[in-house]
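The structure appears right after this line, and notes come after that.
The values are calculated or read from the model by the stated rules, or taken from the named source; none is laboratory data. Here the structure is a predicted model, which means the values were calculated and not measured. Positions of Cβ are generated from backbone atoms using ideal geometry, with glycine treated the same way; all protein chains shown enter the neighbour counts. The protein model used for the area step is the full one, side chains on, heavy atoms only, and it has no ligands, DNA or RNA in it. Shrake-Rupley method; radii C 1.70, N 1.55, O 1.52, S 1.80 Å.
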Amino acid sequence: MKLLTSEEMRELEQRAEAAGVSTETLMENAGLAVAQEIWMQLGSLEDRRIAVLVGPGNNGGDGLVAARHLHEWGAQVRVYALRERSDAQWNQTVEQGVPCGAATDDENFEALEALLSGAEAIIDALLGTGSSRPIAGDLAEIMQRLAAVRSRTVKPKLVAVDLPTGLDADSGRLDPLAVAADETVTFHAPKVGLYMQPGAGAAGSVQQVEIGIPPGLDEDLQTEVLERRAAKSLLPARPADAHKGTFGRVLIIGGSARYPGAAVLAARGAYRAGAGLVTIATPQSIAMSMISAVPEATLLPLPEHDEGVVSGHAAWEVVRDELPEVDAVVLGCGFGRLDHSGVFVRRFLISEEVSAVQGIVVDADGLNLLTGDLSVVPAAVAPLVLTPHPGEMGRLTGLSTEDVQGRRLTLARERAAEWGCHVVLKGANTIVATPDRRARVSEVAQPALATAGTGDVLSGAIGALIAQGLSPFDAATLGVYLHGDAGNRAARSNGTIGVTAGDVADQLALASRSLSGEEPVEAPSMGGFGAGLGGGMGDMGGLGQMAGGGVGGGLEGLLGGPQ
């Protein structure tokens, strides 16, 4: 499934218009789709009380179209606008007899409060992809009252049009006054912000609907959601006549006196992701301690400068002799940040003897040792996959962690292109980006994965998939999918508190088993869907009545006499 930035959505609409599909047609289709979603959620619409909050742009126009359809289908629909509009959509809505009012005519917002208090469902059509301005003024007053009614024990259903108001379409940033929706009806394809935190948490269930954009116009779009079906297609074959060499050999270069477990976790991740043989290259003083942790692995003790710290040049010479039998390398997990480790990492990346390796995954201290001088990254002799978490990405780019999180997709794409490598920007909704700016975004935001060592497990899994013959992009994609699923499984088994990286590693094989069809797929949770939709929502007061013959303009139509 494609994801769209706000700019790409505008471009698509322009392409559609050039192909003969007008903006008005797209708006009519969008509004109808929103109305249909409300119908499906509420069931019978006869006399159901629905409030439509309308902004000044196309998003508001979509809401007006939805209001007209719901009115035709028997619902008691009321439109409340940020300010009165003078366009065709507004005029048609008024002419059809839908009561419409605006904040500019509502002193102290008393009519709005009554409208929201009596509504069974609310449509948020205030701001869409075309706006990223802070919420202020009358809009802030509307949002504060919407938040108040949504905080009640029995609350109206809230459906957002394309995006919840206050959610940035490109970054997922949320305005402090944004109100989380139960459902977001998004047009043609979800917007990137719906799959980025914290926006994803405010979107509710995302329903993608087609609005008449002709097929094929989005073929050049480069961002996709990392879905199960796509991940399944990437699984390496496991032929019956295979031997351990069939599934590749992974060399894990990592570990130090302080972080000996990081290399162990990477090795466990590699084995659980299907590697045929894993070798751990680690400082010789800690090598023997790893045998009991990963008895399946072979060991390559490395010469030391100090106890638990490799001697850069001497360690390289030992590793160099091992490379002809290696398919993929995982470099840097727990390696330490001393100068001798840095000498090894830099020499390794640019040495001709490494060029036959199918891919190198650089993680953790491997990344930290490159900070300040990334010249060896574009000069690397084998394909690279860098796997930074937001803090490491900040160190690599000179940005704060907050800045990294505020532009995750853009930053991952830009740096992958600049550095000529693949970038896996870890965290909630992990991003995999390529040098040609393609990107895949994980659906998983699992707090159980926010614990030490889970990144080492992911690096090992990606290395194993490269060793089994996948391209770096596909290996990173499948590794991220399996890692996310393993995190979900570990959380279900142990709870989100207390999951360890070892638990995640153990679940990797089960995630692969499920993806290959060897066990039933568990039904997804419905989350908080449908809460508070029952009857007894309270009297709409004067808002539930329509003025005889006075429907339409101003608040009089909202507050008029009996029908």
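Looking across the range 89-123, the residues that are small (G, A, S) and either under 26 Å from K155 (Cβ atoms) or free of Cβ contacts under 8 Å to residues at least 40 places away in the same chain (or both) come down to G101, A102, A103, A111, A114, S117, G118, A119, A121.
Output yes when any residue across the range 410-422 is open to solvent by 50 Å² or more (accessible area, probe 1.4 Å), in a helix (DSSP H, G or I) and touching a residue at least 60 places away in the same chain (Cβ under 8 Å), and no when none is. Within the range 410-422 (the criterion being open to solvent by 50 Å² or more (accessible area, probe 1.4 Å), in a helix (DSSP H, G or I) and touching a residue at least 60 places away in the same chain (Cβ under 8 Å)), the answer is yes, since at least one residue qualifies.
Suppose the filter is of a type in the set (A, V, I, L, M, F, W, C), under 30 Å from V34 (Cβ atoms), touching a Lys or Arg at 6+ places or on another chain (Cβ under 9 Å) and modelled with pLDDT under 95; does A293 pass it? Criteria not met by A293.
In the range 50-57, is there at least one residue being crowded, with 20+ Cβ neighbours inside 10 Å and in a helix (DSSP H, G or I)? No, because not a single residue in the range 50-57 is crowded, with 20+ Cβ neighbours inside 10 Å and in a helix (DSSP H, G or I).
Let's see how each residue does on (1) in contact with a helix residue (DSSP H, G or I) (Cβ under 6 Å, 6 or more places away or on another chain); (2) surrounded by fewer than 16 Cβ atoms within 10 Å (Cβ to Cβ); (3) not hydrophobic (A, V, I, L, M, F, W, C):
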| site | (1), (2), (3) |
| --- | --- |
| L12 | no, no, no |
| L26 | no, no, no |
| A30 | yes, no, no |
| E37 | no, no, yes |
| Q41 | no, no, yes |
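Just name the residue that is farthest from G128 (Cα to Cα) out of those in the range 159-176 that are buried (at least 23 other Cβ atoms within 10 Å of the Cβ) and more than 17 Å from the chain's Cα centre (by Cα). This residue is V159. Within the range 318-339, being touching a Pro at 6+ places or on another chain (Cβ under 8 Å) and surrounded by fewer than 20 Cβ atoms within 10 Å (Cβ to Cβ) holds for one residue alone: V318. Screening the candidates G460, G484 for the property of being in a helix (DSSP H, G or I) and in contact with a Ser or Thr (Cβ under 7 Å, 6 or more places away or on another chain) yields one hit, G484.
Using the structure shown, decide if P303 is at pLDDT below 95 and open to solvent by 10 Å² or more (accessible area, probe 1.4 Å). So P303 does not fit the description; no.
Among all residues of the range 306-316, there is none that is within 29 Å of D474 (Cβ to Cβ) and touching a residue at least 24 places away in the same chain (Cβ under 8 Å). Has the range 272-281 got any residue that is in a helix (DSSP H, G or I) and under 34 Å from the mean Cα position of the chain (by Cα)? Yes, the conditions are met somewhere in the range 272-281. Number of residues in the range 233-254 that are in contact (Cβ under 8 Å) with a residue 24 or more places away in the chain and either among the charged types (D, E, K, R) or open to solvent by 40 Å² or more (accessible area, probe 1.4 Å) (or both): the value is 7. Restricting V381, V385, V357, V343 to those that are open to solvent by less than 20 Å² (accessible area, probe 1.4 Å) and out of contact with any Cys (no Cβ under 9 Å at 6 or more places or on another chain) reduces the list to V357. Taking the criterion of being open to solvent by 20 Å² or more (accessible area, probe 1.4 Å), small (G, A, S) and in contact (Cβ under 8 Å) with a residue 12 or more places away in the chain, the residues of the range 177-232 that qualify are A178, A180, A200, G201, G204, S205, G212, A230. If you check R133, R229, R152, R173 for being under 30 Å from S512 (Cα atoms) and among the basic types (K, R), only one passes: R229.
Within the range 255-270, being over 26 Å from the mean Cα position of the chain (by Cα), open to solvent by less than 30 Å² (accessible area, probe 1.4 Å) and not aliphatic (A, V, I, L, M) holds for G255, S256. Number of residues in the range 282-300 that are under 38 Å from the mean Cα position of the chain (by Cα), among the hydroxyl-bearing types (S, T, Y) and outside any loop (DSSP other than H, G, I, E, B) equals 2.
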